[in-house]
Amino acid sequence: MFWLMLNQTAPPHPRVPQLDGLRGIAMLFVFFTHFGPLWTETVGVGGAAHWFVRIIEADATFGSSCFMMLSGFFAYGTLRRRSRTFGNFLAGRLRRLYPLYVIMVVIYIAGCFAFPSLSKLPTEPLPALLFIVETLLFLPGVFHIRLLLDHAWTLSFIVLFYFVEGAAVALFTRWQLSRLSRFGLIVLAGAAWAVAGDWLHCWEPRTAAPWVGMALWEGLDGMSTRVRTVAIRLNVLAVVLAVVGGLARTMLMLHRPDTGFLSLLMARFLLTTVTLFSFVWFAYLGPQWWRSVLSLSVLRSLGAASYSYYLTHGFVVKFFRFILIPWMGPAAHEPAVFWTSQFVGIAMSVALARLVFLTVEEPIARFHLRSREPREVLSRVATAA
């Protein structure tokens, strides 16, 4: 069945809203990953709260892996459809990412001067300047450079993979490869990336998640009606694999057993790949009621603000760590305070992300769109003439 899907040549399928909704779900995973363990690091928790944090820690990286996979899926798909040249695609992505990123870098630098005890800037002027330039070039994470923005290393790999995806599309176009051949090469390249990173300790295996997204696009996008009917029959298998893979991943990281010739991180990546691949498969081809749930406006609005959320949720974590928890004193040890904080924290982080999205990210995107429209009109007129 899967061989048949990879060999069909129907036109590309339009972008599906339920995959945008997945960004909203991934966003919640990212927050709890960084917020839950904060309590064990500062005040300690017991009982049900302790197990909640343990499970959150075991499932850490799931949200970021999902973001990287979806980025690979959408970016590679855009380039495969040849709707834009790679130069135009890259310029568009940087126009979307860079303004808000620079604003956050400036805020963090200001914070380093305002709170010297928390500063990550080198004390000497030249190393500090070099560190800022490296940060602006999305190098931390790809190289062993200290992060100025907490957890922003995934953004560095997302930008790096824009070039990887562009090169892959150029090669595939030049070689005129079949869908099955492209899928096989992407899987092999992703496996090589994960193994090389694990053995050489230059990056984590989970940074191969964009390769998973690229393979997923080749497997799912552009299905004909006949092939789609066949693919839907695999939905039950996809659900089973997603559930079993997710549970196995959680148990693996809770107990951390000896994984033999595979490292623990590699085993986690393999289980994450199975889980995410199967989950997105079902999100794409599942029943209408499930696709409608994932397409709810609340999830899509969260997904739309996911980049703002990615860059700003750390402020809420810091607010609790350095201000609210110390202010509460012994009361912070109470279970009721812990559980209430989970709802308050997510509400604050979502509100902040939506505020930044509506006042900064979206207006900038609209400005670039308006400034590009006259050039596109002139280009179409010149072409028609």
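If you go through the range 205-226 and keep only what is farther than 14 Å from Val280 by Cα and in contact with a Lys or Arg (Cβ under 9 Å, 6 or more places away or on another chain), you end up with Pro205, Arg206, Gly222. Against the list (1) touching a residue at least 12 places away in the same chain (Cβ under 8 Å); (2) part of a helix (DSSP H, G or I); (3) surrounded by fewer than 15 Cβ atoms within 10 Å (Cβ to Cβ), the condition Trp51 fails is (1).
The residue list Phe183, Phe138 contains one member that is buried (at least 16 other Cβ atoms within 10 Å of the Cβ) and under 17 Å from the mean Cα position of the chain (by Cα), which is Phe138. Scanning the range 142-181 for residues that are among the small types (Gly, Ala, Ser) and touching a residue at least 40 places away in the same chain (Cβ under 8 Å) returns Ala152, Gly166, Ala168, Ala170, Ser178.
The residue of the range 194-234 that is surrounded by the fewest Cβ atoms within 10 Å (Cβ to Cβ), among those that are at pLDDT 90 or above and in contact with a Pro (Cβ under 8 Å, 6 or more places away or on another chain), is Val195.
The numbered conditions (1) aliphatic (A, V, I, L, M); (2) over 19 Å from the mean Cα position of the chain (by Cα); (3) surrounded by fewer than 22 Cβ atoms within 10 Å (Cβ to Cβ) are all true for Val274 except (2). Within the range 236-264, the set of residues being modelled with pLDDT of 90 or more and among the polar types (S, T, N, Q) comprises Thr250, Ser263.
Residues are listed down the side, and each one gets a yes or a no for (1) over 26 Å from Ala215 (Cβ atoms); (2) more than 17 Å from the chain's Cα centre (by Cα); (3) hydrophobic (A, V, I, L, M, F, W, C):
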{"residue": "Ala60", "(1), (2), (3)": "no, no, yes"}
{"residue": "Ser64", "(1), (2), (3)": "no, no, no"}
{"residue": "Val106", "(1), (2), (3)": "yes, yes, yes"}
{"residue": "Pro122", "(1), (2), (3)": "yes, yes, no"}
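Would you check which residues across the range 34-48 are surrounded by fewer than 19 Cβ atoms within 10 Å (Cβ to Cβ) and not in a loop (DSSP other than H, G, I, E, B) and list them? Quick ask: steps written out before the conclusion?
Restricting attention to the range 34-48, the residues satisfying the condition of being surrounded by fewer than 19 Cβ atoms within 10 Å (Cβ to Cβ) are 37-38, 40-44, 46-48.
Pro37, Leu38, Thr40, Glu41, Thr42, Gly47, Ala48 - these are the residues of the range 34-48 that are surrounded by fewer than 19 Cβ atoms within 10 Å (Cβ to Cβ) and not in a loop (DSSP other than H, G, I, E, B).
The values are calculated or read from the model by the stated rules, or taken from the named source; none is laboratory data. Just so we're clear, the structure is a prediction, and the values are computed from it rather than from any experiment. Don't worry about glycine lacking a Cβ; one is built from the backbone with ideal geometry, like all the others, and counts go over all protein chains shown.
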